[in-house]
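Every number in this text was worked out from the coordinates using simple rules, so none of it is lab data. Only a predicted model underlies this, so the values are computations on that prediction, with no experimental measurement involved. Quick reminder, even Gly has a Cβ in these numbers, built from the backbone with ideal geometry, and neighbours come from all protein chains shown.
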Amino acid sequence: MKHSSQFTVDRSPVRLSVVLATRNEEENIARCLESIKEIADEIIIFDEYSTDKTREIAEKFGAKVFLEQHHDIFHITKQKALQQAQGKWILQLDADEVVTKELAKEMMAIVSFDGGQNGLLGGDDKKHKLFNKHQRLIEQRDGVIGKQTGETVGYFIPRRNMFLGKPLIHAGVYPDGVIRLVKKGKAMFPSKSVHEQIELEGEVSWLSGDLLHFDSPTLKRYLARLNRYTDLKAQELKSSKTPKNIFSFLQYTVHRPLFTFLMLYFRHKGFLDGVNGFLWSFFSALHYPIAYFKYVTNKNDII
């Protein structure tokens, strides 16, 4: 891997901070912290008063743990963790994520040389095209990411989602790009939506190493997450005063779920992931009617 001679190696005491927001993550936190213990100069955790051993496990890894009240929008807690970090570069993780060795190597190149060359530090042309396409889709949905300042201050990281014990390769899931490596003072969470991207005061690029995401090891855990996300979506429908009429009913119970399933399972080839691909496509489609029924019935739990 080559780097331009213009970069100066950063030897400051805290080059990379790893930050997490947690709540009852004793099943995941050790695996996550084990993957970054060799590259993190500090570990910052804001914990929403876990009732299990999350804090105890985190402290064994040398993490600085701060207590924070629970917020329905978890990004509020993530933002506080981000602000507490002292490193020049910050890696924001979820407890159910694992940094691969390839990704760790790439990130240390960024941190050591205070930035990377334009574009990816690794990867091949096929990945470049896939990641660029994914970013265009994100920007069509959320708007342009970052600002043209001539300085790269954040990096998308591709996530490989592990669903019911197997990685999902199709169904529109990969690369599931998330901006996680950011420069201190140049990034923030708006904290308005559960699915929002972090905002940057500068330009964004991509890394090619995967971040493993163990969000749904069992169907029970997946359904619990689905229940929580549809609660938040129902609140968004309420805030936007979505009409409660036959047109909205058909849109959220027929049109959107059917369109979503067909897109994920056929256009994005979810069928190539077997039963897991079918279940992912099916339950992804169900988000819309579940959230809508919660909204019109004013109930938070119907599954």
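At a glance:
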read-out	value
³J(HN,Hα), Karplus 6.51/-1.76/1.60, whole Hz, each residue of the stretch 178-193, x for Gly, Pro	10, 7, 10, 9, 9, 8, 4, x, 10, 8, 7, 8, x, 6, 10, 8
Contour minus Cα-Cα distance for Thr253 and Glu56 (0.36 nm per residue)	66.5 nm
Charged-residue dipole, Cβ positions (Lys, Arg, Asp, Glu), the chain about Cα centre, Debye nearest 20	800
Candidates per trypsin sites (Lys or Arg not before Pro) in the stretch 128-197, loop by DSSP, up to 16 other Cβ within 10 Å	Lys147, Lys184, Lys192
In the stretch 60-108, trypsin sites (Lys or Arg not before Pro) in a DSSP loop with at most 12 other beta-carbon atoms within 10 Å	none
DSSP beta bridges in the stretch 16-215 [antiparallel fraction, %, rounded to 5]	40
Proximal lysines to Lys126, defined as alpha-carbon separation beneath 22 angstrom and excluding residues fewer than eight positions away on the same chain	Lys2, Lys101, Lys105, Lys269
log₁₀ of I(q)/I(0) at q = 0.07, 0.10 Å⁻¹ - the chain, Debye sum with one point per alpha carbon	-0.28, -0.59
Order of Thr242, Thr218, Thr230 - criterion: other Cβ atoms within 10 Å of each residue's Cβ, fewest first	Thr218, Thr242, Thr230
Trypsin sites (Lys or Arg not before Pro) restricted to the stretch 206-285 and DSSP loop, no more than 15 other C-beta within 10 Å	Lys241, Lys244, Lys269
Furthest towards positive pole of dipole, Val98, Phe131, Val178, structure part the chain, Cβ charges	Phe131
The chain: calculated mean residue ellipticity at 222 nm from DSSP helix runs of at least 4, using -39500 (n - 2.57)	-11500 deg cm²/dmol
Extended-chain gain in nm, criterion 0.36 nm per residue less alpha-carbon gap, Ser240 and Lys220	4.2 nm
Charge tally in the Cβ shell below 9 Å around Tyr288, where Lys, Arg are +1 and Asp, Glu are -1, Tyr288 excluded	+2
